[in-house]
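Okay, structure first, notes after.
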Amino acid sequence: MNISGETRRESYHAVLPNINIRQEVVLKILKEWGDMTAQEIAYILHWSGLTPSDERNYAAPRLTELKQAGKVRETGKKICDRTGRTVTVWSASALVRGKE
C-alpha cells in the first residue's frame, strides 16, 4: 500500500468511534425532529454544539452510511433554503422509529 493509502486508513480508524457516535446522533435527530435534509441536520448538529459549523458534510456521509444499514430512507425532495437546489429529504426508517 502507498503512503497516502496508509495515512487515509490510519485517519479513518482514528475517527471511526466518532463516526459511529455521529450516526447515532443523526438518527436521533431524525427520530425527534422528523424528516429533514442533510443541511437541516447539520444545522441542528451545530446549534447543539456538536460540530464547529453547519456545513452539510457533517451529516451527509452519516446519512449515506445509515441508509446502507437500513436505518434511514429517502422520502422525498425539496428546495434547500441555503443553496436553492433540489435536495433529498431523509427519514428514520419505520422499523427504527418503532423501536423507541
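The values are calculated or read from the model by the stated rules, or taken from the named source; none is laboratory data. Nothing here was measured: the structure is a model prediction, and the numbers come from that model. No Cβ is skipped: glycine too gets one built from the backbone with ideal geometry, and neighbour counts run over all protein chains shown.
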Legend entry - Condition check for K31: among the basic types (K, R) and under 12 Å from the mean Cα position of the chain (by Cα): no
Inset, instruction - Run S53 past the list (1) touching a helix residue (DSSP H, G or I) at 6+ places or on another chain (Cβ under 7 Å); (2) part of a loop (DSSP other than H, G, I, E, B); (3) modelled with pLDDT under 95 and report the number of the one that doesn't hold. - result: (3)
